[in-house]
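Notes follow once the structure below has been shown.
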Amino acid sequence: MKPVRIVCGTRHSQADFLAKTALGRSLIAHQKLNPVDVCLFPENRRGLSEIYNTAIEQARGNPAILVFIHDDVHLLDFQWSQNLREGLKSFDVIGAAGNTRIVPGHSSWVFINDRLTIDDRSKLSGAVGHGKGFPCRLANYGAAGQRCKLLDGLLLAVDSERLHERGVSFDEQFQFDFYDLDFCRTADEKGLRLGTWPMSVVHESEGAFNTPAWHDAYQRYTRKYATRDAVDTVAV
């Protein structure tokens with residue numbers, strides 16, 4: 001059975017990651033019920049796409065279920081790794097929340113434009129907790145277990161062999177913003193099935209929108225997909 005391998009970049013040292021981050025503390029709490037490999041990039045200053053691609057390449061000789069995850073995510077499900085394996089029986093790539101469609105001009109999986117307008121709730125799926133722990137504020141977007149076009153990058157899980165079979169990786173021009181949307185679109189275009197799965201997680205960050213870096217990445221992202229989005233719009 002393939003191991004579950006956590007892939008995470010953190011600005012903390014390895015010791016501080018385990019002691020001070022939501023993910024590090026979660027992994028310690030879960031280590032007996034949910035044993036995992038950890039591919040940690042401590043004191044990281046590289047883009048997420050770059051370190052995630054490093055983990056994908058390293059998995060060529062050592063396949064695993066790769067879990068690309070932020071260091072500020074609390075894992076609350078006592079059986080989360082088993083639950084993750086179940087999700088990957090239904091989909092090739094799973095996340096906690098997502099969108100069943102792509103709207104041209106979207107700026108995240110949940111927003112349809114750069115003014116951060118939330119998409120029609122009927123198109124959203126999954127749930128994510130927000131806060132510093134539990135109890136937390138719960139954002140319930142809709143029933144999980146739905147096939148999606150876009151997933152929230154706070155947690156993306158996929159069998160490494162599926163990525164290698166289809167030639168899927170992250171575009172390193174997107175370092176911290178839009179890396180997840182681009183990855184989802186690449187995976188979808190290359191025939192992988194994306195979907196949400198019920199996962200009990202709490203994300204400490206609400207996301208960093210409307211920064212200069214975010215707007216720059218948004219422009220590069222929209223330029224990359226301008227032709228495809230125009231074709232999709234005409235087709236609709």
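Just so it is clear, none of the values below were taken in a lab; they were calculated from the coordinates. As the structure is a prediction and not an experimental result, all values here were calculated from the model. We place every Cβ from the backbone using ideal geometry, glycine too, and count neighbours over all the protein chains shown.
Observations, loosely collected:
- Subtracting the Cα-Cα distance of Lys190 and Asn210 from 0.36 nm times their residue separation leaves 4.1 nm of extension gain.
- Over the chain, dividing the summed -39,500 (n - 2.57) contributions of all DSSP H runs of at least 4 residues by the number of residues returns a 222 nm mean residue ellipticity of -10500 deg cm²/dmol.
- Cα gyration tensor shape for region 67-149, rounded if a/c is under 1.5, else prolate or oblate: oblate
- Sites Glu161 and Leu33, calculated FRET efficiency, Cβ-Cβ separation with R0 30 Å, nearest 0.05: 0.75
- Spin-label pair Ile118/Asp72, simplified geometry with 7 Å Cα→Cβ offset, distance in nm: 2.0
- Annotation for region 82-129: trypsin sites (Lys or Arg not before Pro) lying in DSSP loop with at most 15 further Cβ atoms inside 10 Å of their Cβ are Arg115.
- Loop GluC sites (Glu not before Pro), region 162-236, which have at most 16 other Cβ atoms in a 10 Å radius of their Cβ (DSSP): Glu172, Glu206
- Using the Karplus relation 6.51 cos²θ - 1.76 cosθ + 1.60 with θ = phi - 60°, the per-residue 3J(HN,Hα) values for region 159-175 come to 6, 4, 5, 5, 5, 5, 4, 9, x, 9, 8, 8, 7, 6, 6, 9, 7 Hz, with x marking Gly and Pro.
- Estimated distance in nm for a label pair at Phe176 and Lys224, the labels positioned 7 Å out from Cα along Cα-to-Cβ: 1.7
- Diagonalising the gyration tensor over the Cα atoms of region 16-68 and scaling each eigenvalue by 5 before taking the square root yields semi-axes of 21, 17, 7 Å, largest first.
- The chain: translational diffusion in µm²/s, Stokes-Einstein, Kirkwood Rh over Cα pairs, 37 °C, 0.692 mPa s: 183
- The order of Met1, Met199, going from fewest to most other C-beta atoms within 10 Å of their C-beta, is Met1, Met199.
- For region 1-73, GluC sites (Glu not before Pro) meeting the loop criterion (DSSP other than H, G, I, E, B) and having at most 14 other Cβ atoms within 10 Å: Glu43.
- Applying a threshold of 31 Å to the alpha-carbon distances of Lys20/Lys224; Lys2/Lys149; Lys20/Lys190; Lys123/Lys190; Lys2/Lys224 flags Lys20/Lys224; Lys20/Lys190; Lys2/Lys224 as lying beyond it.
- Semi-axis lengths, largest first, of the ellipsoid equivalent to region 89-194 are 22, 17, 14 Å, with √(5λ) applied to each eigenvalue of the Cα gyration tensor.
- Sorted largest first, the principal axis extents computed over the alpha-carbon atoms of region 170-220 equal 32, 30, 14 Å.
- Estimated FRET transfer efficiency when R0 is 30 angstrom, pair Glu86-Glu57 (beta carbons, to 0.05): 0.65
- A simple rule links phi to the HN-Hα coupling: the Karplus curve 6.51 cos²θ - 1.76 cosθ + 1.60 with θ = phi - 60°, which for region 19-33 gives 8, 10, 9, 4, 5, x, 5, 5, 5, 5, 5, 9, 4, 7, 7 Hz, with x for Gly and Pro.
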